[in-house]
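The values are calculated or read from the model by the stated rules, or taken from the named source; none is laboratory data. Just so it is clear, the structure is predicted and the values come from calculations on it, not from any experiment. We place every Cβ from the backbone using ideal geometry, glycine too, and count neighbours over all the protein chains shown. Note: areas computed on protein heavy atoms with side chains; ligands, DNA, RNA excluded. Shrake-Rupley method; radii C 1.70, N 1.55, O 1.52, S 1.80 Å.
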Amino acid sequence: RETLPVFSAWQRRRHEREASDRLRYEVAWEPLRAAGDVPPDVSGGWLLVESAGAEDVWADALAEDLAGRGAEINRLRLEPADVERAALAARFEEFTGHGRVVSFLGQEEEEYRGVAATAVVVQALGDAGLDCRVWAVTSGAVSAGADAGLTRPVRAGVWGLGRVVALEEPGRWGGLVDVPEQPSKDAVGRLVEVLAGGAGDEDQLAVRGGTVLGRRLVPARRRDGGGEWVPSG
């Protein structure tokens, strides 16, 4: 008579916790299969959009790699005053025929300009009528794999914006790629593969060394039994 109610209450609490656990999800990063020995198709024009006055080692590394593969590259460096929708659309009309636009504007952190500038780029490309997809490249904006974690939280805003653009402009948006702070030969090669379509329909990716990781929403790991969660920090 004393034991049965205790076990019954324990079982009820366990079922309630299992039910709530099934509603909990978390982000995970899974390695994607490499493209193998097939070289990426870099044909067609590439337009790299950057912030003027800011040395971006990744933009330089990508341009150098693409040039070595024989790609046609143009680099558009924008001052803050240049990021105006109508004026930028007029400049984009000069690049008709460029099939790929890679934006490094999300690397800009001052006053969240990178997020706003990325949005203006997407709008201006639509106004200019360019038939191309936009990829946004960041570094330190997400914590992926076994890296040191999110180191540039302001840049994470570009990832929030990118997921909205993907829903509203699916035909114009390429995706988001987060890269290490410093480029390496393997990492630059993986970035080129992703931008050239080697990742298929994946549009939220992280390059870590010679590995490409895809973002996944997965059931959260089961909580250990014990007390309530206490916030801190």
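Taking the residues in the stretch 103-149 that are charged (D, E, K, R) and not in a helix (DSSP H, G or I) as candidates, determine which candidate is surrounded by the fewest Cβ atoms within 10 Å (Cβ to Cβ). Can you show your working first?
The first filter runs over the stretch 103-149 and keeps only residues charged (D, E, K, R), leaving 108-111, 113, 127, 131, 133, 147.
Next cut, not in a helix (DSSP H, G or I) only: 108-109, 131, 133, 147.
On the way: 108: 24, 109: 16, 131: 11, 133: 20, 147: 17.
Checked the stretch 103-149; the qualifying residue surrounded by the fewest Cβ atoms within 10 Å (Cβ to Cβ) is 131.
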* Single match in 28, 34 (criterion: surrounded by 11 or more Cβ atoms within 10 Å (Cβ to Cβ), closer than 18 Å to residue 177 by Cβ, out of contact with any strand residue (DSSP E or B) (no Cβ under 7 Å at 6 or more places or on another chain) and modelled with pLDDT under 95) -> 34
* Which strands (runs of 3 or more DSSP E) does the stretch 1-102 wholly contain that include 3 or more residues that are in contact with an Asp or Glu (Cβ under 9 Å, 6 or more places away or on another chain)? -> 45-51, 72-78
* **Filter result (modelled with pLDDT of 90 or more and of a type in the set (Ser, Thr, Tyr)) within the stretch 68-113** => 103
* To do: Go through 137, 42 for me and flag whichever is β-branched (Val, Ile, Thr) and at pLDDT below 95.
  => 42
* Structure fact -> Going through the stretch 153-190 in order, the residues found to be open to solvent by 60 Å² or more (accessible area, probe 1.4 Å), under 17 Å from residue 106 (Cα atoms), in contact with a Gly (Cβ under 9 Å, 6 or more places away or on another chain) and assigned to a helix (DSSP H, G or I) are 153
